[in-house]
Amino acid sequence: MKEDNIIQKKSYSFALKIVKLYQLMVKENKEYVLSKQILRCGTSIGENVEEAIEGQSEKDFFAKITIAYKEARETHYWLRLLADTGYIDKETKKNLMGEIDIILKIIGSIQKTMKSKMKS
């Protein structure tokens, strides 16, 4: 992991929290469907960031970072749904939503920068 890559660090740290949330939901709630959804998209953000970093071209990087953004949006949706259905408490929602909002802003900024760079 690159020391100075904020999105790489944040997306990995977030994925660890999502794995723990998944484990908790399965163990305490015996919930296997919604928990799989949040696990899949919440960990996919970092995976796509990693692929973007090793992209073969600017176009490849942009495509992967765009997928990471879409996965972050989906994660945002599932967190709201899990909170509104009582699977996660308000504090967990607040913490995870705060993190996913930051991730969305960072990735959105990367996309914007890449768009203008690719036009030049």
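The values are calculated or read from the model by the stated rules, or taken from the named source; none is laboratory data. All values reported here derive from a predicted model rather than from experimental measurement. Note that we place each Cβ from the backbone using ideal geometry, even for glycine, and neighbour counts take in every protein chain shown.
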Hits in region 6-37 - residues which are over 21 Å from ARG80 (Cβ atoms) and more than 15 Å from the chain's Cα centre (by Cα): LYS27, LYS30
Hits in region 78-88 - residues which are part of a helix (DSSP H, G or I) and surrounded by 11 or more Cβ atoms within 10 Å (Cβ to Cβ): TRP78, LEU79, ARG80, LEU81, LEU82, ALA83
Number of the exception - ILE103 against (1) farther than 15 Å from SER44 by Cα; (2) touching a Lys or Arg at 6+ places or on another chain (Cβ under 7 Å): (1)
Flag if GLU91 is in a helix (DSSP H, G or I), buried (at least 18 other Cβ atoms within 10 Å of the Cβ) and among the charged types (D, E, K, R): no
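To keep it simple, each residue is scored yes or no on (1) outside any helix (DSSP H, G or I); (2) out of contact with any helix residue (DSSP H, G or I) (no Cβ under 9 Å at 6 or more places or on another chain); (3) surrounded by fewer than 16 Cβ atoms within 10 Å (Cβ to Cβ); (4) at pLDDT 95 or above.
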{"site": "LYS9", "(1), (2), (3), (4)": "no, yes, yes, yes"}
{"site": "ILE18", "(1), (2), (3), (4)": "no, no, no, yes"}
{"site": "ILE67", "(1), (2), (3), (4)": "no, no, no, yes"}
{"site": "ALA72", "(1), (2), (3), (4)": "no, no, no, yes"}
{"site": "HIS76", "(1), (2), (3), (4)": "no, no, no, yes"}
{"site": "LEU96", "(1), (2), (3), (4)": "no, no, no, yes"}
{"site": "GLU99", "(1), (2), (3), (4)": "no, no, no, yes"}
{"site": "LYS112", "(1), (2), (3), (4)": "no, yes, yes, yes"}
{"site": "LYS117", "(1), (2), (3), (4)": "no, no, yes, no"}
In region 41-65, residue farthest from LYS9 (Cα to Cα) [restricted to those that are surrounded by 20 or more Cβ atoms within 10 Å (Cβ to Cβ) and of a type in the set (A, V, I, L, M, F, W, C)]: CYS41
Qualifying positions in region 5-50 - touching a Gly at 6+ places or on another chain (Cβ under 6 Å) and closer than 18 Å to LYS70 by Cβ: SER11, ALA15, ILE18
Of all residues making up region 41-75, the number that are free of Cβ contacts under 8 Å to residues at least 24 places away in the same chain and either of a type in the set (Val, Ile, Thr) or over 26 Å from ASP4 (Cα atoms) (or both): 1
Hey, LEU82 over 18 Å from SER13 (Cβ atoms) and of a type outside the set (Lys, Arg) or not: yes
